[in-house]
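Report on one structure; see the data block that follows.
The values are calculated or read from the model by the stated rules, or taken from the named source; none is laboratory data. Because the structure is predicted, anything quoted here is derived from the model rather than measured. All Cβ positions, even for glycine, are placed from backbone atoms using ideal geometry, and neighbour counts span all protein chains on display.
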Amino acid sequence: MHSLKNKFKFLVIRIIAPGIIKALFFFVPSKKNTLLIIKNDGIGDYILFRNFLAFLKQSEKYRGYDIYLLGNLAYKDISAYLDKDSVDRFFWNTDGYFLKWKLLKLLVDLHRLRLNSVIYTNYSRKTQVDWIVKNLNAPNKIGVDGNTTNQSTQFKNKGNAYYTRLITVPGGATHEFERNKQLFEIIAEEKCHYNKPFINKQKLNIVYNNYIVIFIGARDRNRKWSNRNFSDLTKLIISNLNVNIIFAGGEDEIADGLMIQQDLAMKGVINKIGALSLIQLCELIGGAKLVICSDTVAVHIAAALSIPAVCISKGDLYKRFIPYPDHIENKINSLFPVAFKADAAAYELWSELNIDAVQLIDVYNAVVSTLQLHNLMPNAPSRPE
């Protein structure tokens, strides 16, 4: 019965209703100078993307346009606050809308904009977003002829037909910020002079303090360093360095945070896991001496705020997000499992290595050396054997 209900919902939500909606708006003329940008991706991806919204809004080609953003609900907190001057109206979507009636409401809302142009900016497109583009009546639909990280070759080739133009940007070992920059230069038809991702600190309430932020979260469980490792690292830092520790993470990490906190039972440790909005997380990171985290949103916020970070990674999509090239940000110290091969071919691959193969002592030494490099060392440290 449940399966039959889902089949009915799929038929209505994904086939019948979208066709009816598209037909109802078919003869409604598009409105000149209207552009929908689609970036239905993770929070960290958005940090590496968001500055180009302002670049596009100020460009000669798109100056005076009504620019709309269809984004991931996960980063709404950051986008709606930091980028409201670059976007005329926000719309939100998640992968969870796949069989939700909200998806039909979203289609109606987008049709009402009478869009002239749609640009889906992901290098790794998603089939569900290709489907949204297909079901809009905009005469100009632009996408990226990227890779197949998020969809099969069959679905990618099928989706290619939904676009009136496909843009080719560099593949291989290119950092995501640089790829976004090159994409927007092609779209705007002018050079962009942004050299790194940045967040305007004037928009944040930053309080500088003598603390290190340890962000224990990650989107995927296999990207998370173990609770034991974080606990033992904290003991080393508190015992040998004159700094305080603030733990941060999402609501999914609350239980992990409590386990770490119970194991520590020591002064100088504050637990803010699950208690911060994304903007508050930016403010916390912006006032820190150093951030310790996995390959996740925290490292990109640190880079955008020029805060030193030690990033613990198992090597997924090597060089696309981590490590940062020095010419973009030289304050990010990335650590990988001992067996990791820094092979350019790894760019397209998910690493099968265990993130806990990144050694505790190596992370501690990276913390010390990073603090020393940026003249942030609180006192002369002990180096455990």
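Structure values in brief
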read-out: Leading residue by the ranking (surrounded by the most Cβ atoms within 10 Å (Cβ to Cβ)) among those in the range 352-365 that are of a type outside the set (D, E, K, R) and within 24 Å of the chain's Cα centre (by Cα); value: ILE355
read-out: Residue match in the range 118-136 (condition: assigned by TED's automatic domain parsing to the domain that holds ILE38, more than 14 Å from ILE38 (Cβ to Cβ) and buried (at least 18 other Cβ atoms within 10 Å of the Cβ)); value: no
read-out: From ASP145, ASP95, residue being modelled with pLDDT under 95 and not hydroxyl-bearing (Ser, Thr, Tyr); value: ASP95
read-out: Options ASN157, ASN140, ASN150: the member that is surrounded by fewer than 14 Cβ atoms within 10 Å (Cβ to Cβ), free of Cβ contacts under 8 Å to residues at least 40 places away in the same chain and either in contact with an Asp or Glu (Cβ under 6 Å, 6 or more places away or on another chain) or farther than 21 Å from ASN51 by Cα (or both); value: ASN157
read-out: Criterion: of a type in the set (Lys, Arg) and surrounded by 18 or more Cβ atoms within 10 Å (Cβ to Cβ) - qualifying residue of LYS61, LYS39, LYS32; value: LYS39
read-out: ILE245 closer than 24 Å to GLN359 by Cα, more than 18 Å from the chain's Cα centre (by Cα) and outside any helix (DSSP H, G or I); value: yes
read-out: Residue identified as under 20 Å from CYS282 (Cα atoms), in contact (Cβ under 8 Å) with a residue 24 or more places away in the chain and outside the structural domain of VAL299 (by TED's automatic domain parsing) among ASN72, ASN6, ASN40; value: ASN72
read-out: Odd one out for ILE273 among (1) crowded, with 20+ Cβ neighbours inside 10 Å; (2) among the hydrophobic types (A, V, I, L, M, F, W, C); (3) out of contact with any Asp or Glu (no Cβ under 8 Å at 6 or more places or on another chain); (4) over 29 Å from LEU56 (Cβ atoms); value: (3)
read-out: Conditions (1) crowded, with 18+ Cβ neighbours inside 10 Å; (2) touching an Asp or Glu at 6+ places or on another chain (Cβ under 9 Å); (3) not acidic (Asp, Glu): number failed by ILE260; value: (2)
read-out: Residue satisfying all of: in the range 200-217; among the β-branched types (Val, Ile, Thr) and in a strand (DSSP E or B); surrounded by the fewest Cβ atoms within 10 Å (Cβ to Cβ) among these; value: ILE212
read-out: Long-range neighbours under 6 Å by Cβ, at least six apart or interchain, first residue without any contact (Cβ under 8 Å) to a residue 24 or more places away in the chain within the range 220-240, second of a type outside the set (Ser, Thr, Tyr) and crowded, with 20+ Cβ neighbours inside 10 Å; value: none
read-out: Some residue of the range 306-314 being surrounded by fewer than 21 Cβ atoms within 10 Å (Cβ to Cβ), in contact (Cβ under 8 Å) with a residue 12 or more places away in the chain and part of a loop (DSSP other than H, G, I, E, B); value: yes
read-out: In the range 218-238, residue surrounded by the fewest Cβ atoms within 10 Å (Cβ to Cβ) [restricted to those that are part of a loop (DSSP other than H, G, I, E, B) and out of contact with any Lys or Arg (no Cβ under 6 Å at 6 or more places or on another chain)]; value: ASP220
read-out: Of all residues making up the range 248-280, the number that are without any contact (Cβ under 8 Å) to a residue 40 or more places away in the chain, over 17 Å from LEU236 (Cα atoms), aliphatic (A, V, I, L, M) and not in a loop (DSSP other than H, G, I, E, B); value: 4
read-out: Count - residues of the range 118-174 that are charged (D, E, K, R) and over 24 Å from the mean Cα position of the chain (by Cα); value: 3
